[in-house]
1. Name the helices (runs of 4 or more DSSP H) wholly within segment B:70-149 that hold at least 1 residues that are farther than 30 Å from A:F82 by Cβ?
2. Going through segment C:190-208 one residue at a time, which ones are in contact with a Lys or Arg (Cβ under 7 Å, 6 or more places away or on another chain) and of a type outside the set (V, I, T)?
3. From A:A130, A:A101, which residue is surrounded by 20 or more Cβ atoms within 10 Å (Cβ to Cβ) and within 21 Å of B:V237 (Cα to Cα)?
4. Name the residue that is nearest to the chain's Cα centre (by Cα), counting only residues in segment B:279-303 that are free of Cβ contacts under 8 Å to residues at least 40 places away in the same chain and at the interface with chain A (Cβ under 7 Å from one of its Cβ atoms).
5. Could you grab me the full set of residues in segment C:181-227 that are within 13 Å of C:S45 (Cα to Cα) and more than 10 Å from the chain's Cα centre (by Cα)?
6. Tally time: how many residues in segment A:222-266 are surrounded by fewer than 17 Cβ atoms within 10 Å (Cβ to Cβ), free of Cβ contacts under 8 Å to residues at least 12 places away in the same chain and not in a helix (DSSP H, G or I)?
7. Is it the case that B:L124 is in contact with an Asp or Glu (Cβ under 7 Å, 6 or more places away or on another chain) and closer than 26 Å to A:A218 by Cβ?
8. Within segment C:25-40, track down each residue that is within 23 Å of C:A200 (Cα to Cα) and either crowded, with 21+ Cβ neighbours inside 10 Å or charged (D, E, K, R) (or both).
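The values are calculated or read from the model by the stated rules, or taken from the named source; none is laboratory data. Since we're looking at a predicted model, the values are computed, not measured. With ideal geometry, Cβ positions are generated from the backbone for all residues, glycine too; neighbour counts draw on all protein chains shown.
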Amino acid sequence: MSVTGGLAARTAARELARQRRRHTVRHVLARSVLYVLAAGASVLCAAPFLWGVVTAFRSYPGDAGVGAHVRLLLRSTPFPVFVANTLLAGALVTAVTLLLALPAAYALTRRRWGGAVGRALAVLALVPSALLMPPLSWTAGALGPGDSVWTLVLVQPTITVPVAVLLLGGFLRAAPADIEEQALVDGHSRLAAFLRVVVPQLAPAIAAVAVLAFTLAAGDFVYARALAPAHPTVAAGIPTRLAHGGAPLWRSLQLGVVLVAVPLAVAADLVLGRIIAASAGTADRTKA
Amino acid sequence: MIRVAADTAPDARRRGGPADREGLLTWVFLLPSVVYLTALVVLPLALAVALALSGVTATAPAYRFTGAGEFASALGEGAFWRALGDTLLFTAVSTVLVVLCGQVLAHVLLARFRGRWLVRPLVLLPWTTPAALSATSWRWLLDSADSPAGWLTRALGVPDGAWHTRPAVAMGAVVAVHVWRLTPLAAVVMAAGLTAIPRDVRDAARVDGAGAARRALEVTLPLALPSIAVAALVTAVLTCADVTVVAVLTHGGPGGATQTLATLAYTRGAEGGALGQGAAIAVLLLPLPLAGATGLFRVVRRRAER
Amino acid sequence: MKVVEVRGLVKVYEGPGKKHVRALDGVDLATARSECLVLLGPPGSGKTTLLRTIAGLESPTHGEVHLGGHLVNGLPPRIRRVGLVVPSYALYPHKTVRGNIEFPLKAEHTPRAMRERKARWAADLLGIPHLLGRRPGRLSVDERRRVALARALAREPAVLLLDEPLSGVDARLRAAARDELRSLQRRLGTAMICVTDDQAEAMGLGDRVAVLDAGRLRQVGTPQDLYDEPVDTFVATLIGTPPMNLVPRGDRLIGFRPEHLLPAEEIPPEGRVTMPLRIDRIEYLSGDRHVYGSVARIGQETRVIARLPATMTTPLAGGQTREFAVPGDRLRFFDAEYGNRTAPVRIGG
């Protein structure tokens, strides 16, 4: 090899080494930024709840620590009743939502005009509850079951059904139609194919939609406050019935909020991958 | 062997019952939802307009037609225009901030790193917690003089526990809670858009020699744009129609400085008992989410065409 | 000079349940300038992983990747100057064909005029100048393939990496597409590494073929080497349609190609090994006769296939038993347990 050739090769090697160092530095930098962002996002997102936990555990003069807060919350406030109301209304609303939304989503995705109806549903999903509240409370007084949890079971699905139909539609479009067609060829009716093939295939999606529906129902403030004031859920009860007392009660209250918030977030995390996949209409890439 | 021939013929006895008829089944499947949504959304919507044309109150629930009186009185009020301005301001500022923060959070949600199992549920807290409860928690955080939020308000020159008496600070708090509460939802929507970009295409951009900035601008951003638009519109609609955050955090105060159209309608209708007036204001609010919905369909249709 | 060289390449993936999967398990391979090397193997054998590791999309767990004599481990794909075409073609849906082809050039800050010239050149090369203004969404599969190739070639890569380049092509056009790809590569003199699981495509396309199985290289050689001198039963049965016949005999397997098993009278007597073939049925394929039956005497009774060329008109019928033979130098011997090639054994007759 000539002298100049060797020189060229050495320069090239030096250049590559420089590039490699740069790439490594960038990689380390990118990872560090990611960890900082992840930590920052976690703290910011959990901020009010973290503060609630901090104040509950700190000792203040005239206040007997975290155990006393829990006792106060569970024994001397209607918090357990609020939780029971929320669980009852949430479970029933979720069941009603699935019963209505599953067949509807199936009918829509297997039909050509499904898109137009889907758009109509999206409009309904966007009608603000502030607008529906006056007519609903006006009629509830005259016709409905009145001030009870059942009114919520009747009304809250207006929030969840359109969203559930749209989301289940996304799952159904992603699910291959050939397994269902196989069932038809194998001698099942459309209805049997839906019940025995489509619904079981959709089980993970149904779990995701159930979590979402429960979360939306539990999050409803406007209807719960206006239509069932004597039977409040946690969302309607805590801010209006308990948030007027002194600091010790507030500290107990914050624990109550955390007790509600954490299970909901954990449940949502379990189904998050599927919700992302359904809205993307593609295979789940966030797992594996 | 004769049986084989008989078995291969279509089963003439089982002609197929109603469970086989696709057209009928579609309607049976669709009907409950259609009836339900008509009864509880479409009819009340019409009734809301009718109520807006009446002077119905909680104490005098008999219907009496009063024409456009409630609309006229709403439009003549300073509070209405102030609420409209606040609605637009809160919505615009929140949407911009949510899209920016959500884009960052979407990348965090999709990235793989140690401790992800802990980060993800924490990050979802603002979305899954009932807004009324998180607003209660935020109030406690803002009210506590010894909390980080307390230090911040003090640094802004506000006396301890008096943040809700300063219009600018109260408005900032409302926007902050909206951004905080909607960022995870927007991040999930945008993460879905990001995962829909085929890995092959992203790999191709790397092999083609594009650096990180060029990949983000020329490949990821154009392909993720529809999902960013969807996230922005969903955020805008949820912010402008929201009652809960303002109702719990500031109750519209101080002096109506944080009142939006939705909360004004809610306060007048539910708390003041003036159902007719509440309905009138809410009907005037309706064009905002409808405009958002129209925008949404444009985006979704354009995405479907590609 | 070696354009691409990999040494001791190992790639371990963490599969589901923390199980480790060795996608590549110690691969050494090199390719020279203007050579077409084909990676052949069944699905999951690590071909694509190897290709992606060379491209820099995967980083190896152990081992080295050299491009143009330089170690490139840890270097990002963008400075490796490789062209890659994947099975989905991965065109940028929001860019026109021109935008797609120019994208790699833009990445290296080629001036606009130069970029246009090179895009034009690549488009002409693939016969797609009329498509430059179109978007990928409306192109046919064959057109997309051409755009992907043009994009990969536009910046004159050191090596062209093609993953299943002909998988989407209509079966009838495949031979023509293969021929076109080869003449293109010969004209440009670019080194090319192709991945495929179709042995006919591999044999037709490659100057050399590397057979991979479960992350290990079984054999590297010219198509003729692989066909005539397979190193083990895996290669022997992977290549050739129908595959090599294998007859168990003690601790050995005796292998011979279907076209070498012919009626005894067609083979010169010296050195031949005869065996009776009980004929089950006969298929006519492009004039050749594929005779299905079973042989005995030289080993355990085994089902085999004989392929008689169209020029051989010996009358044969199902149900017959006839004396067939294989020229002695066409027999290959393998270990019955491990499948590797062994020394010949004497077979009487």
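1. Values: elements: B:78-110, B:116-128, B:131-143.
Counting at least 1 such residues, we get B:78-110, B:116-128.
2. Step one: of segment C:190-208, the residues in contact with a Lys or Arg (Cβ under 7 Å, 6 or more places away or on another chain) are C:191, C:195, C:201, C:204-205.
C:A191, C:E201, C:G204, C:L205, listed by residue number.
3. Values: A:A101 fails: within 21 Å of B:V237 (Cα to Cα).
Matching residue, one of A:A130, A:A101: A:A130.
4. At the first step, the residues of segment B:279-303 found to be free of Cβ contacts under 8 Å to residues at least 40 places away in the same chain are B:286-287, B:290-291, B:294, B:297-298, B:301.
Subset that is at the interface with chain A (Cβ under 7 Å from one of its Cβ atoms): B:286, B:297.
Details: B:L286: 14, B:F297: 15 Å.
Across segment B:279-303, the extreme among qualifying residues is B:L286.
5. Within segment C:181-227, C:D213, C:A214, C:G215, C:R216, C:L217, C:R218 meet the criteria.
6. Here the count works out to 3.
7. On the way: in contact with an Asp or Glu (Cβ under 7 Å, 6 or more places away or on another chain): yes; closer than 26 Å to A:A218 by Cβ: yes.
Against the criterion (in contact with an Asp or Glu (Cβ under 7 Å, 6 or more places away or on another chain) and closer than 26 Å to A:A218 by Cβ), B:L124 qualifies.
8. Just the residues of segment C:25-40 that are within 23 Å of C:A200 (Cα to Cα), to begin with: C:29-32, C:34-40.
Across segment C:25-40, the qualifying residues are C:T31, C:E35, C:C36, C:L37, C:V38, C:L39, C:L40.
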